[in-house]
Amino acid sequence: MSKERFTLLSPHHERSTGRSGRALLVWGLLVVAANLRPSLTAVGPLLERVQADLELAPAVAGLLSTLPLLAFAVISPMVPRLAAQWGPERLLWGALVVLTLGIAIRWAPTAIALFAGTVLIGSGIAVGNVLLPSLIKRDFPTRVGLLTSAYATVMGAVAAVASGVAVPMSQVAPGGWHTALGCWIVPALVAVVLWLPQVRTSRPAAETVRGHRLPWRSALAWAVTAFMGLQSLGFYVVVTWLPQVFQDSGVSAAAAGWLLFVFQAVAVATSLAVPAALRWARDQRAVATASSVVLLAGYLGLLAVPGWALLWSVVLGLGGGACLVLALAFLSLRAQDATVAGALSAMAQSIGYLLAAAGPVIFGLLHTVGSGWQAPIILMCVAAAGQVIVAMVAGGARCRRPKPLRPGVNPGALLLV
């Protein structure tokens with residue numbers, strides 16, 4: 001095994017893994033990705049029904065979308081340290097177990113179980129969010145764009161299905177909306193089982209990750225963080241509130257759920273085109289800026305002509321799908337190696353999801369105070385305009401080769417410029 005301090009796979013490890021082992025690793029990563037969003041996106045279409053059945057105030061009901069994002073913000077900075085102690089494969093398997101447990105608890109028909117399970121779900125997903133970009137950078141350093149797009153596509157596709165089937169399933173399944181939320185325990189259990197071979201063949205933790213200092217002093221890291229946060233804010237506002245925005249414009253609850261499915265399905269299709277841009281473009285400024293402008297156009301259209309629900313679902317999906325893949329790819333593309341990718345991922349997702357957590361709450365409060373959707377949608381226009389500016393920095397900066405390590409220097413401190 002290679003004795004290098006950083007974490008790219010050595011030729012010996014690649015040979016020992018073999019094609020079947022690497023194929024199993026890819027499938028494992030994709031199945032993990034499939035579990036990182038459906039437990040969250042299924043909530044939005046059911047939020048009004050959950051609120052009515054459990055007699056929750058609107059602000060309390062909004063916590064179902066906010067709590068996972070707060071868990072992302074709190075847990076993400078801890079992930080590099082935990083990965084250094086336990087190894088990323090073992091840590092990811094444990095996170096999948098926590099996710100599965102959270103879904104099972106949330107299935108119980110009580111408000112306490114609903115919120116407790118949501119916290120566990122957010123905690124498990126937070127670990128997967130941070131580790132997947134780092135593992136891709138470590139094990140597939142020459143295929144970052146392709147595999148990032150693949151896992152973002154799978155993640156988005158399953159999330160879209162979760163949004164689309166949530167209301168119909170709650171209407172026909174025993175247990176109603178409890179079953180519509182709890183059924184996602186099945187793919188979580190599949191992920192737990194499929195990731196077990198990686199736990200058994202994982203390398204020692206000390207060999208996998210050596211550093212965990214986060215790049216707080218890097219201007220580029222802050223640009224990547226801002227891009228991650230703003231696009232995440234937009235995504236979670238849309239999946240939480242867009243169905244209700246459409247319902248207030250005359251669309252039925254089931255149709256609003258399917259419009260949210262359209263948004264995510266278009267986002268998935270768009271994400272498939274991003275690897276070509278990542279592969280052929282000299283940098284990502286143009287595609288990141290253009291994608292952010294498309295998002296801004298979608299919000300402006302929703303503000304001006306809210307009745308054109310299908311059109312704005314498509315436009316927001318076009319921009320949102322590209323921005324999601326870019327935000328995830330930046331975590332690897334802007335990093336020198338897997339150690340720095342893990343540190344950047346932890347920082348970007350911690351601060352980014354803290355920003356995103358505020359989005360659905362502020363959006364809902366503005367709606368309550370103003371008794372309409374105009375002020376909340378103007379907020380999203382401002383956020384999208386800020387994302388356009390940030391994209392020009394996050395998409396164009398280059399990494400500088402790290403200087404040789406001095407004794408005692410933490411490689412996680414070799415930050416981006």
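Annotations for the structure displayed:
- Test: residue in segment 291-299 that is hydroxyl-bearing (Ser, Thr, Tyr), under 30 Å from Arg138 (Cβ atoms) and open to solvent by less than 30 Å² (accessible area, probe 1.4 Å): yes
- Within segment 380-417, if we keep just the residues that are open to solvent by 60 Å² or more (accessible area, probe 1.4 Å) and at pLDDT 50 or above, the residue that is nearest to Thr225 (Cα to Cα) turns out to be Val393.
- Candidate set: segment 111-138, residues that are surrounded by fewer than 21 Cβ atoms within 10 Å (Cβ to Cβ) and touching a residue at least 24 places away in the same chain (Cβ under 8 Å); chosen: the one nearest to the chain's Cα centre (by Cα): Ser123
- Selection status of Gln264, at pLDDT below 85 and open to solvent by less than 10 Å² (accessible area, probe 1.4 Å): yes
- Each residue in segment 300-313 was checked for being under 13 Å from Phe263 (Cβ atoms) and either open to solvent by 60 Å² or more (accessible area, probe 1.4 Å) or modelled with pLDDT of 95 or more (or both), and 2 pass.
- Here Met169 fulfils each of the conditions (1) of a type in the set (A, V, I, L, M); (2) over 20 Å from the mean Cα position of the chain (by Cα); (3) modelled with pLDDT under 85 apart from (3).
- Taken over segment 314-327, residues that are open to solvent by 10 Å² or more (accessible area, probe 1.4 Å) and in contact (Cβ under 8 Å) with a residue 40 or more places away in the chain amount to 4.
- Screening Arg285 with (1) of a type outside the set (A, V, I, L, M, F, W, C); (2) crowded, with 24+ Cβ neighbours inside 10 Å; (3) at pLDDT below 85 gives one miss only, at (2).
- Some residue of segment 338-357 being touching a residue at least 24 places away in the same chain (Cβ under 8 Å), within 23 Å of the chain's Cα centre (by Cα) and over 22 Å from Ile75 (Cβ atoms): no
The values are calculated or read from the model by the stated rules, or taken from the named source; none is laboratory data. Just so it is clear, the structure is predicted and the values come from calculations on it, not from any experiment. Here the Cβ is made from the backbone with ideal geometry for all residues, glycine too, and neighbour counts use every protein chain on show. Keep in mind that these areas ignore ligands, DNA and RNA; they rest on the heavy atoms of the full protein, side chains included. Shrake-Rupley method; radii C 1.70, N 1.55, O 1.52, S 1.80 Å.
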